[in-house]
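The values are calculated or read from the model by the stated rules, or taken from the named source; none is laboratory data. Note that the coordinates shown come from a computational prediction; the quantities given were computed from them, not determined experimentally. Cβ placement follows ideal geometry from the backbone for every residue including glycine, while neighbour counts extend to all protein chains displayed.
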Amino acid sequence: MPSLPQEPDGRSLLAGKRVVVTAAAGTGIGSAVAKRALLEGATVLISDIHERRLGETADRLAEETGTRPHTQICNVTDEAEVQALVAAAVDAMGGIDVMMNNAGLGGSVRLVDMTDEQWSAVLGVTLDGTMRCTRAVLRHMIDAGIEGSIVNNASVVGWRAQDEQCHYAAAKAGVMALTRCSAIEAAEHGIRINAVAPSIAMHAFLAKVSDESFLEQLSQREAFGRAAEPWEVANVMVFLASDLASYMTGEVVSVSAQHP
């Protein structure tokens, strides 16, 4: 099995950019994106619904990068809180150049056993929340004349069938469709909207809430025989947000090493 690669040094890919990352508390993709953005020279604001974890994450990022991100509590299912997030980012950083929509909610349940509440909860955070944040940031960028970038976090299950994932898969497929359609509308304003579709990225929270044998099974399906590190997904999100991806919009990029 190939050795695990080392996280690369920053290359100033987001130098001077003002970046907002949702669902950034903890050790998952969100905090990895925030760290990567800081290492790439951005000014960053992170948000999450968990106040204590958000503060702890900001402190950890300050230790790891030398720069503490701004913070703002936000529940992406609440329109007023999303509006407050945008206002806080504008107040703290002067505007938003990059929005990283990372908020999502999962779970495993067969469709025949799924309640309306379980279905609505997953779609409410994962799809509706992404729409709400995209809409709010688009309005800000258009009004301010900012030719910015929005990057959404989808999933390969938006393409691939997996049992007990009807709600999550439907939500992530919706994020893909939202990405493509909103990108067409935003293009006339010079704003790009893309998404990543990770297969599996291992972090402490996922390991805590998931069955170990199931995660091992998913990891073994990957060509490298392991799950992605969160920073490996974050690298692709930062690329899509950067000027290196200036001709890409409406794209969903798979961050996966799955083999048939």
**Asked** Does region 132-146 include one or more residues that are within 22 Å of Val253 (Cβ to Cβ), crowded, with 16+ Cβ neighbours inside 10 Å and without any contact (Cβ under 8 Å) to a residue 24 or more places away in the chain?
**Response** no
**Request:** Considering each of Gly30, Gly16, Gly41 in turn, give the residue that is out of contact with any helix residue (DSSP H, G or I) (no Cβ under 8 Å at 6 or more places or on another chain) and assigned to a helix (DSSP H, G or I).
**Result:** Gly30
**Residue among Ile191, Ile184 that alone is β-branched (Val, Ile, Thr), more than 25 Å from Thr27 (Cα to Cα) and either buried (at least 16 other Cβ atoms within 10 Å of the Cβ) or modelled with pLDDT under 90 (or both)** = Ile191
**Prompt:** Which condition does Ala89 not pass, out of (1) part of a helix (DSSP H, G or I); (2) touching a Ser or Thr at 6+ places or on another chain (Cβ under 9 Å); (3) surrounded by fewer than 20 Cβ atoms within 10 Å (Cβ to Cβ); (4) of a type in the set (Gly, Ala, Ser), if it passes all the others?
**Reply:** (3)
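For (1) more than 17 Å from the chain's Cα centre (by Cα); (2) at pLDDT below 95; (3) closer than 19 Å to Asn152 by Cα, each residue gets a yes or a no:
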residue: Met1; (1), (2), (3): yes, yes, no
residue: Leu4; (1), (2), (3): yes, yes, no
residue: Arg11; (1), (2), (3): yes, no, no
residue: Thr22; (1), (2), (3): no, no, yes
residue: Ala34; (1), (2), (3): no, no, yes
residue: Glu56; (1), (2), (3): yes, no, no
residue: Gly66; (1), (2), (3): yes, no, no
residue: Ala87; (1), (2), (3): yes, no, no
residue: Val112; (1), (2), (3): yes, no, no
**Asked** Can you tell me which residue in region 156-171 is surrounded by the most Cβ atoms within 10 Å (Cβ to Cβ), limited to those that are touching a residue at least 60 places away in the same chain (Cβ under 8 Å) and under 13 Å from Leu127 (Cβ atoms)?
**Response** Ala171
**Complete:** Scanning region 61-86 residue by residue, the ones that are touching a residue at least 12 places away in the same chain (Cβ under 8 Å), of a type outside the set (Asp, Glu) and assigned to a helix (DSSP H, G or I) total 7
**Message:** Can you say whether Gly124 is in a helix (DSSP H, G or I), within 30 Å of Asp163 (Cβ to Cβ), in contact (Cβ under 8 Å) with a residue 24 or more places away in the chain and in contact with a strand residue (DSSP E or B) (Cβ under 9 Å, 6 or more places away or on another chain), as far as the supplied structure shows?
**Reply:** no
**Request:** Only one of these is modelled with pLDDT of 95 or more, under 17 Å from the mean Cα position of the chain (by Cα) and small (Gly, Ala, Ser): Gly129, Gly145. Name it.
**Result:** Gly129
**Asked** Is it true that Thr22 is closer than 23 Å to Leu127 by Cα, touching a Cys at 6+ places or on another chain (Cβ under 7 Å) and surrounded by 13 or more Cβ atoms within 10 Å (Cβ to Cβ)?
**Response** yes
**Any chance Ala223 is in contact with a His (Cβ under 7 Å, 6 or more places away or on another chain), modelled with pLDDT under 90 and at negative phi** = yes
**Message:** Quick test for you: out of Ser47, Ser120, Ser149, pick the one residue that is small (Gly, Ala, Ser) and in contact with a Cys (Cβ under 9 Å, 6 or more places away or on another chain).
**Reply:** Ser47
